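Before any comments, here is the structure.
The values are calculated or read from the model by the stated rules, or taken from the named source; none is laboratory data. All figures in this text were calculated on a predicted structure; none of them were measured in a lab. Cβ atoms come from the backbone with ideal geometry, glycine included; neighbour counts cover every protein chain shown. Note: accessible area is taken over every heavy atom of the protein model, side chains too, but ligands, DNA and RNA are not part of it. Shrake-Rupley method; radii C 1.70, N 1.55, O 1.52, S 1.80 Å.
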Amino acid sequence: MTPNTHSSLSDSLAALAPGDRRLIRSLFIAALAALALGLLLGLWVALARAGWARPDLPETGYRLLTLHGVAVFFDWLTLAQAGLLLVLAAQERKAPLSLAWMGWAGLVVMLVAFVLHLLGTVWGNPLLYDGSPELVAEASQGALLFYSGYGALALGLVLLALPGLATLVKARKAGSGSWSALGFGAFAWAGLLLVSAIALANTFLPAILWAAGWGGMPADHATLWHLLFHNMHYLPLLGTMLAWYLLLPELTGARSIFGSGFSKLVFCLYLVFVPPTSLYHMFLEPGLDPMVLVLGSLLSLFIGVPTIAAFLVVMTSLEAHGRARGARGGLGWLKALDWSQTATHSLAAAVINLALGGVLAFVLIQEKLAGLLSDTFFVPGYFHFMTLGVVTLSLLTVAERIAPALGGRGGSVAWARYLPWLITLGLFLFGVAGVVAGSQGMPRRVLDASYEGLAPTSWVLLSWIIGIGALLMALGLGLMVARIGAAYLGFGPKALAAEQPQAALEELALKQGAWGASLAVALLLTLITAATWGAFALMRSLPVIAIGGAGH
Amino acid sequence: MSQDVLLLGLISAVWAVLALAYALVPMLNMPGSALIWGSGAGLFLGLALWVRRG
Amino acid sequence: MTQALDSGRSLPTRRGFVAAASLGILGLYGVWAALGASGKSGKDVSEGHAGHGEEPEIASSSGGHGGHGASAGGPSTDDFRRLTEDFSKRWKQQDGSVRPGYVPEPVHSEPDPHAGHDMHAQPVQPEAGHAGHDPHAGHDMQAMQALAPNIHAGHEAAPVDTAGSGNEVYLMAYQWGFEPSWLKLEAGKTYRFRMMAVDASHGASIQIGSGSLITRLRQGVLTERDITFTAKGSHLLYCTVFCGAFHDRMTARIDVV
């Protein structure tokens, strides 16, 4: 028998120093503020595309789009991940954090970064979040502020990662000389945070120097941005896996039945496969060797291996525990979950969004489809499933779950359980319409995709559906952020003491025919195949033949 | 050597090989990639040593 | 070792099974191969015609000069601007469109010393048969030899489509437009598109059928693609790389006739 010896998250957070809890709470409050801002700006952009909100000046629209990207992709995700890292470190250490002062310094630097981004965007030309120096023109003072925002962000990342790393090293030393799977995963993930800081500096330091008049124009900003972006979007996916590992025992009592060594290997493989998969962002870049394109597609598939493995570990463990506790029938283990908890709904929605986003992701990594889909609305149609539907929902679930233990409130309210599904419905409309529009060539990053009536009429209709989806997403997410934010600020119903779920007998769990996750993966692979086939069929139906000319 | 240290070392080693490939294979020719993954390899090596020394 | 550890477990709870199932994603290689997408890109254009055995492909790659941002090997932006101006001037039609390889009945007019230098000029009289009289036609003799090998074609019956004549398209992307802004091309004929963004990165994407053909252009990098339109129609050409405030007004038109 293996009783659930895992100390509850609340106990681990209670073992922190009061200042540590204030730090984590502050990080999540700042993160939620960034998310709320980014959400409003994103909604405005979607409404503008639908023709329901138009700026007086196009610059204004693109400034708002720039801040949407920065606030959500960089500020919200960085601050929330920093909070998650400290929670993971606390769970492993069960004692006060090390180097907590660095975390406070990191938070201050992140706020400075946000202000710099804001000022740079308002004063300079709108550059969107990739900040291409080609678009700076004469507005170099604004660009200097904007680029300095990224410099501060790099410093903030380092400062926020170090307390987590130091605490985890201490935890290992104080423990049995090795980490739990979660501890190892958190440490490796924090390492990737530091690499992302290096990538930020690598991309924006030349731009800072150039904008300040101390260096030449950055020669290869686009390629460096691709690398940074690659790091920054795989980083939260690993963080999400860790969040699931953290939350599932809390919610269900189920722990991995595959052993910590296996999970550590899965986390390690994830990091091993991040660098070679970066090539697919560059498929449309002129001048790439054709073999690099082929190689990029082939290597990109490998990132799916640890992702699917982590999914199988989590879900099969969950199902096996459910069956061991008496769940019967194909879906009995799902019904047996505690659906009175908002967190259960959020994570279930996240799993569905992961499947939808995953199907589309594996279409995008095929280099021959890049000329059909890249730079179109297919891309935001796909990545909102991942960044919002998977990553953001998971991070919000962590934030919600720990709010009471950090001195906030966060009592359960029935209506909150519907919010993840409202968000998912909005995402579905946004994503599916976006993917269809993208397949037809509708570009991303434009405020008016009607092209004064020259574009296909379907683009207008699809933009409306995207706008409706964005509205629903924003409503659900806004209410969720408001509720969690209120809990952190001490408003809302008081939380009852969390009941620790019972663990199943592991010996019994191991004997269960827990096929649900495996079947889900089989279905996913079938859908990926169908989507890939569909994209090729569409490409071949076009009345055009285009072949890369002979490069010199 | 513990599994933790070995796995961190593995990440470092694979990244180092990739950094060399990005730097030296003419077809790739991506010095920016080489710099980032090379730095990352050094970083993970440092982390592995930190963990080993405790 | 793993087998020993896994003994007594049901199949889906075995580590080996999870590892094998995870590797299942690599089966997508087989799907790609079945779809004919696993080979090296950039086939010769003569192999790519629909209905002639090999599957056509779009946008598999773009031949780019100079790699990642460098302009080595291709013309400079100034040279490319001149080449495009000369191209537009060489093939400009009475209706304002630019139709490479097509020379209507000759219309005699005096050479215009300023033609080709105003990117926003209104349609000019066709001068194809008199290209040799244009004082600007000789900026880049090597390029112009490729561009207009048959300068007397205008004296023949239209349309003209001799080998090596009028099968290149120069397309310049700039903030915020394309030059030429209206192309007329023939269905079934393969054109070598020579494209460059001259001031910032741009896209040169063509909405066609139920999809699009997307090309990303980096500043100062010559990008070439061989493109064959297989059906008649009018298509929107638009920028797909954010290039500033009026990005969404950066359009042109391609009529396939």
A:Leu279 surrounded by fewer than 22 Cβ atoms within 10 Å (Cβ to Cβ) and touching a helix residue (DSSP H, G or I) at 6+ places or on another chain (Cβ under 7 Å): no
Only listed residue being part of a helix (DSSP H, G or I) and facing another protein chain (nearest Cβ under 7 Å), chosen from A:Leu508, A:Leu519, A:Leu525: A:Leu525
Sole exception among (1) in contact with a Lys or Arg (Cβ under 7 Å, 6 or more places away or on another chain); (2) over 30 Å from C:Ser22 (Cβ atoms) for A:Ala514, by number: (2)
Helices (runs of 4 or more DSSP H) within the stretch A:376-491 that include 1 or more residues under 22 Å from A:Leu248 (Cβ atoms): A:393-402, A:419-439, A:457-488
Residue list for the stretch C:197-220, restricted to those being more than 21 Å from A:Arg445 (Cα to Cα) and more than 7 Å from chain A (Cβ to nearest Cβ): C:Gly220
Residue that is farthest from A:Leu388 (Cα to Cα) [pool: residues in the stretch A:353-369 that are β-branched (Val, Ile, Thr) and in a helix (DSSP H, G or I)]: A:Val363
Condition met for A:Phe258 (in a helix (DSSP H, G or I) and more than 16 Å from the chain's Cα centre (by Cα)): no
Residue that is nearest to A:Leu454 (Cα to Cα) [pool: residues in the stretch C:223-257 that are in a loop (DSSP other than H, G, I, E, B) and hydroxyl-bearing (Ser, Thr, Tyr)]: C:Thr240
Residue list for the stretch A:168-188, restricted to those being of a type outside the set (A, V, I, L, M, F, W, C) and open to solvent by 20 Å² or more (accessible area, probe 1.4 Å): A:Lys170, A:Arg172, A:Lys173, A:Gly175, A:Ser176, A:Gly177, A:Ser178, A:Ser180
Unique match (being open to solvent by 10 Å² or more (accessible area, probe 1.4 Å), more than 30 Å from A:His226 (Cβ to Cβ), free of Cβ contacts under 8 Å to residues at least 60 places away in the same chain and out of contact with any helix residue (DSSP H, G or I) (no Cβ under 7 Å at 6 or more places or on another chain)) among A:Gly330, A:Gly326: A:Gly326
In the stretch B:1-12, the residues that are more than 11 Å from the chain's Cα centre (by Cα) and more than 7 Å from chain A (Cβ to nearest Cβ): B:Met1, B:Val5, B:Leu6
Complete set of residues in the stretch A:343-364 that are open to solvent by 10 Å² or more (accessible area, probe 1.4 Å) and farther than 17 Å from A:Ala517 by Cβ: A:His345, A:Leu360, A:Ala361, A:Phe362, A:Leu364
Residue check for B:Ala41: open to solvent by less than 40 Å² (accessible area, probe 1.4 Å), assigned to a helix (DSSP H, G or I) and either in contact (Cβ under 8 Å) with a residue 60 or more places away in the chain or under 22 Å from A:Thr203 (Cα atoms) (or both): yes
Condition met for A:Leu135 (open to solvent by less than 20 Å² (accessible area, probe 1.4 Å), on the phi < 0 side of the Ramachandran plot and either touching a residue at least 60 places away in the same chain (Cβ under 8 Å) or in contact with a Phe, Trp or Tyr (Cβ under 9 Å, 6 or more places away or on another chain) (or both)): yes
Scan of the stretch A:231-269 for residues that are under 27 Å from B:Ile36 (Cβ atoms) and basic (Lys, Arg), ordered by number: A:Lys264
The one condition in (1) more than 8 Å from every other protein chain (Cβ to nearest Cβ); (2) open to solvent by less than 30 Å² (accessible area, probe 1.4 Å) that A:Leu165 fails to fulfil: (1)
Every residue from the stretch C:198-220 that is within 19 Å of C:Leu83 (Cα to Cα), assigned to a strand (DSSP E or B) and open to solvent by less than 10 Å² (accessible area, probe 1.4 Å): C:His202, C:Leu217
Checklist (1) within 23 Å of the chain's Cα centre (by Cα); (2) open to solvent by 10 Å² or more (accessible area, probe 1.4 Å) applied to A:Val274, failing item: (2)
Any hit, the stretch A:20-36, residues being farther than 17 Å from A:Val481 by Cβ and either in contact with a strand residue (DSSP E or B) (Cβ under 6 Å, 6 or more places away or on another chain) or open to solvent by 40 Å² or more (accessible area, probe 1.4 Å) (or both): yes
Residues located in the stretch B:18-38, provided they are in contact (Cβ under 8 Å) with a residue 12 or more places away in the chain and either of a type outside the set (A, V, I, L, M, F, W, C) or more than 9 Å from chain A (Cβ to nearest Cβ) (or both): B:Leu20, B:Tyr22, B:Ala23, B:Ser33, B:Ala34, B:Gly38
Sole residue being part of a helix (DSSP H, G or I) and within 17 Å of the chain's Cα centre (by Cα), chosen from A:Ala201, A:Ala243, A:Ala222: A:Ala243
Residue match in the stretch A:448-459 (condition: in contact with a Pro (Cβ under 7 Å, 6 or more places away or on another chain), over 30 Å from C:Thr223 (Cα atoms) and either more than 10 Å from every other protein chain (Cβ to nearest Cβ) or open to solvent by less than 70 Å² (accessible area, probe 1.4 Å) (or both)): no
Residue in the stretch A:189-200 that is polar (S, T, N, Q) and surrounded by fewer than 23 Cβ atoms within 10 Å (Cβ to Cβ) present: no
Entirely in the stretch A:277-346, the helices (runs of 4 or more DSSP H) that have 3 or more residues that are under 21 Å from A:Pro501 (Cα atoms) and facing another protein chain (nearest Cβ under 9 Å): A:304-324
Residue within the stretch A:75-90 that is closer than 27 Å to A:Leu242 by Cα and over 18 Å from the mean Cα position of the chain (by Cα) present: yes
Breaking point among (1) facing chain A (nearest Cβ under 9 Å); (2) touching a Gly at 6+ places or on another chain (Cβ under 9 Å); (3) open to solvent by 10 Å² or more (accessible area, probe 1.4 Å); (4) not small (Gly, Ala, Ser), for B:Trp15: (3)
Exclusive hit being closer than 22 Å to C:Asp86 by Cβ, open to solvent by 10 Å² or more (accessible area, probe 1.4 Å) and within 9 Å of chain A (Cβ to nearest Cβ), set C:Thr251, C:Thr190, C:Thr230, C:Thr223: C:Thr190
